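A short worksheet on the structure shown next.
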Amino acid sequence: MTLTVRVLSPDKTVWDASAEEVILPSTTGQLGILTGHAPLLSALDTGVMRVRPSKNQPWVAIALQGGFVEVEEDEVTILVNGGERGDKINLEEARSAFNEAQTRLNSVSADDRQATIQATQAFKRARARFQAAGGMV
């Protein structure tokens, strides 16, 4: 048996295929889904989702920008604010954006709460894209 996995963002379908296994960045840590998983509804954090289409194929990395996952009867529906397959991301552009976001986060004053929140979110998005592109393990 396999899972039916759909990753939907407001502007596109990021993934719609069968898979053997899915690993998601939930707000409480990594969440693994296999066939026969109990029904589940969970919030997702910004991070990298990994999908294994079959045991003979390599993992596919997808950068997620937060959202929700619902698992029911071997169907995994993932609704996200944004998503991008790692193999579609330019590694050097992602590396540059990650370095810029890290520099910006390190330079924000701890007293400026709004700027800290914005810089942290930008850093998490840039890190997820860089990881999905293969830049970090």
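What distance in nm separates the simple spin-label points at Thr13 and Asp74, each placed 7 Å from Cα in the Cβ direction?
2.0
Quick one: accessible area per residue over region 54-137, 1.4 Å probe, rounded to a whole number of Å²?
Ligands and nucleic acids excluded, the result is 61 Å² per residue.
Could you please state how large a percent of the accessible area of region 89-133 is carbon and sulfur, counting protein chains only and using a 1.4 Å probe?
44
Compare Ala38, Ala110, Ala63 in a GNM of the chain, Cα atoms joined below 10 Å, and give the one with the largest fluctuation.
Ala110
What does the charge dipole of region 89-133 about its Cα centre add up to, to the nearest 20 debye, if the Cβ of each Lys and Arg holds +1 and the Cβ of each Asp and Glu holds -1?
About 180 debye.
Evaluate the chain: find the radius of gyration of its Cα atoms, find its Kirkwood radius, and give the ratio Rg to Rh.
Rounded to two decimals, Rg over Rh is 1.01.
Pick from Ala97, Ala115, Ala61: which residue has the top mean-square fluctuation in a GNM of the chain where Cα pairs under 10 Å get a spring?
Top of the fluctuation ranking is Ala115.
Please report how far the C-alpha centroid of region 65-111 lies from that of region 31-47, rounded to the nearest whole angstrom.
Going from one Cα centre to the other spans 17 Å.
With each run of n ≥ 4 DSSP H residues scored as -39500 (n - 2.57), what mean residue ellipticity at 222 nm is computed for the chain after dividing by its residue count and rounding to the nearest 500 deg cm²/dmol?
Result for the chain: -9000 deg cm²/dmol, rounded to the nearest 500.
Quick one: putting +1 on the C-beta of Lys and Arg, -1 on the C-beta of Asp and Glu, what dipole do you get for region 3-87 around its Cα centre, in Debye to the nearest 20?
On the way: 6 positive and 12 negative charges, 54 e Å.
Once rounded to the nearest 20, the dipole reads 260 debye.
How high is the FRET efficiency from Trp59 to Thr120, r the C-beta distance, R0 41 Å, rounded to 0.05?
It comes to 0.90.
How many nm separate the modelled label positions at Leu40 and Arg113, each set 7 Å beyond the Cα in the direction of the Cβ?
About 3.3 nm, to one decimal.
The values are calculated or read from the model by the stated rules, or taken from the named source; none is laboratory data. The structure presented is a predicted model; accordingly, all values stated were derived computationally and were not measured. Reconstructed Cβ throughout: ideal geometry from the backbone, glycine too, with neighbour counts over all protein chains shown. All accessible areas refer to the heavy atoms of the entire protein, side chains included, with ligands and DNA or RNA removed. Shrake-Rupley method; radii C 1.70, N 1.55, O 1.52, S 1.80 Å.
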